[in-house]
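Working notes, beginning with the structure itself.
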Amino acid sequence: MTGIRYVIEGGRPLAGTIRPAGNKNAALPIIAASLLTDRPVRLTNVPRIRDVEALVRLLRSLGAAADWSGPHTLDIHAREIQVVDLDAELCARIRASILLAGPLLARCGHVDLPPPGGDVIGRRRVDTHFLAFEQLGATVDSGDTYRFTAARLRGTDVFLDEPSVTATENALMAAVLAQGTTILRNAASEPHVQDLAHFLVALGARIDGIGTNTLTIQGAENLSGATYRIGPDHIEVGSLIGLAAVTGSDLRIAEAGVQHLRMIRMGFDRLGVECLVEGDDILVRPGQRLQIKPDLGGHVPKIEDQPWPAFPADLMSIAVVTATQCEGMVLIFEKMFESRLFFVDKLIAMGARIVLCDPHRVIVSGPTRLRGARLTSPDIRAGMALLIAAMCAEGRSIIDNADQIERGYENIDTRLNALGASIERIDTAVAPDRRQRSG
Ligand SMILES: CC(=O)N[C@H]1[C@@H](OP(=O)(O)OP(=O)(O)OC[C@H]2O[C@@H](n3ccc(=O)[nH]c3=O)[C@H](O)[C@@H]2O)O[C@H](CO)[C@@H](O)[C@@H]1O
Ligand SMILES: C=C(OP(=O)(O)O)C(=O)O
């Protein structure tokens, strides 16, 4: 298998301070939304991850200038946009390519978009995007490509059939340049949806209800430029909490964005992981008992994902691996994606006691001592969960297809090695004497 391989020596507790990267799922819609204005935009705290690089390439192909003026600072200027046939292979690499639809429709009146890709974690419907655009007055058509057309979008009262994250973002981006007022009901309200809304406000958009499931948008003729800082990635913070807990580390997660972490902390607390809050930092201390807290009457507790502000779906794989090191039994119920939990067979091979009840539910009974193994990363979050398992396992593990992990976690090997981990990153596509970072 070619691609990125991690070779991990397990059993090393980490110590020190780590800062989470900017939120992947905020950076992506915000970069796409920069197409809504012909004025310059400067984005700071942008994560340098593969999904961002792919979206930046798509923006450039549309004629927008997009240049890195600092390690995490991206300057975008979409003075003029050429509506071109977008690179289908590039669109298929990322889920976020669908986020080009709202801005291009609003700014250019039409868009022809190859289907998006993203994590292969089960069926991922796009119906809600179509519903929203149609209600805003667009003609929609799905064949080999998704085609949306509208001379001018019209604000209206839109009720989304589910609180889809990217569909809410697409509808919001379309509505800020629509004629009149749009009300978006049953909207998603994740931190990244809020971050996008705040960015649009910085561009001059008028949006009420940010952080709730009803957004009211007064459409504008045009938007200005802005400088905007992307918020910390709460999914990375959750991943680091799980990692610190199972490796017995002493970790300070600095500038973690604690206002968005209440339910995440509650989920880990149920597993017996204690996180301390100091200002905007999260501290995970060593020597914790990691005892799963039963429900009243001693019943088996449950961690389940639900739309925000409940426990996020993107942390379910991390919850599973954390639970393998905690004493007691827990049900993990992932409601969204049909194949996200299949990776547990790899944890079972490492020694974990897990019953896969059906595609959506696993029961974990811990703690178990994990053994190093040869693994393949199926998706971003399962990949990170396997990296966490490898770091707390006895002996050496190899994770192939770590490219998946790097879709969402910036320089994770270097950052964790600086805290005491032992992760060797190998680009297997490159001859041994010429190997170096190619992220
Ligand atoms: C680029 C980007 O932003 N990708 C994220 C986005 O994908 P994406 O926008 O593709 O996912 P959607 O929100 O459209 O799809 C998930 C659907 O399932 C619903 N739902 C959610 C949780 C739950 O426990 N039960 C349930 O039914 C959601 O409300 C939503 O309607 O949102 C997903 C759900 O957070 C995340 O996994 C992805 O990382
Ligand atoms: C599923 C994810 O990403 P995407 O929607 O970009 O595939 C994720 O971030 O866990």
* Asked: Tilt of helix 191-202 relative to the longest C-alpha principal axis of the chain, in degrees (0 to 90, nearest 10)?
  -> 30
* Structure fact -> Phi-derived 3J(HN,Hα) across the range 166-172 with the Karplus relation (6.51, -1.76, 1.60, θ = phi - 60°), rounded Hz, x for Gly and Pro, is 6, 5, 4, 5, 4, 5, 5
* **Paired Rg and Dmax values of the range 315-439, which use every Cα atom, in angstrom** => 15.0, 48
* Structure fact -> The distance between the Cα centres of the range 200-227 and the range 70-95, in whole Å, is 22
* Structure fact -> The answer for Gln179, listing residues at least 5 apart or on another chain whose modeled amide H is closer than 5 Å to its amide H, is Leu153, Arg154, Gly155
* Structure fact -> The long-range amide H neighbours of Arg19, using H built 1.01 Å from N in the peptide plane and a cut-off of under 5 Å, are Ala254
* **Evaluated over the range 24-229, the Cα radius of gyration and Dmax, each in Å** => 15.1, 41
* Could you give the semi-axes, largest first, of the ellipsoid that matches the chain, computed as the square roots of 5 times the alpha carbon gyration tensor eigenvalues and rounded to whole Å? -> 37, 24, 20
* Structure fact -> Each label sits 7 Å from Cα toward the beta-carbon; between Val120 and Gln179 the label points are separated, in nm, by 4.5
* For the range 267-382, what is the convex hull volume of the alpha-carbon atoms per residue, in Å³? -> 128
* Structure fact -> Restricted to the chain, the DSSP antiparallel beta bridge percent, nearest 5, is 75
* Asked: Could you state the number of Å between the C-alpha centres of the range 131-157 and the range 322-365?
  -> 40
* Asked: ³J(HN,Hα) across the range 230-244 via Karplus (A = 6.51, B = -1.76, C = 1.60, θ = phi - 60°), whole Hz, x for Gly/Pro?
  -> 6, x, x, 7, 5, 6, 5, 4, x, 5, 5, 4, x, 4, 4
* Quick one: compute a quarter of the convex hull surface over the Cα atoms of the range 376-439 and quote it in nm². => 4.5
* Structure fact -> Highest GNM mean-square fluctuation among Val277, Val52, Val330, for the chain with Cα springs under 10 Å, belongs to Val277
* Rounded to whole Hz and in sequence order, give me ³J(HN,Hα) for the range 30-47 from the Karplus expression 6.51 cos²θ - 1.76 cosθ + 1.60, θ = phi - 60°, writing x for Gly and Pro. => 5, 4, 4, 5, 5, 6, 6, 10, 8, 9, x, 10, 10, 10, 10, 6, 7, x
* Net charge near Gly180: determine it from the other residues with C-beta under 13 Å of the C-beta of Gly180, scoring Lys and Arg +1 and Asp and Glu -1. => +1
* To do: Kindly put Trp308, Trp68 in sequence by how many other C-beta atoms sit within 10 Å of each C-beta, fewest to most.
  => Trp68, Trp308
* Long-range amide H contacts for Gly118: which residues qualify at under 5 Å (H placed 1.01 Å from N, peptide plane, sequence gap of 5 or more or a different chain)? -> Ile94, Arg95
* **Where a label projected 7 Å from the Cα of Thr145 along Cα→Cβ would reach, residues of the range 63-99 with amide N under 16 Å** => 63, 81-93, 97-99
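None of the figures in this text is laboratory data; all of them are computed from the coordinates on show. These numbers were taken from a predicted model, which means no experiment stands behind them. Quick reminder, even Gly has a Cβ in these numbers, built from the backbone with ideal geometry, and neighbours come from all protein chains shown.
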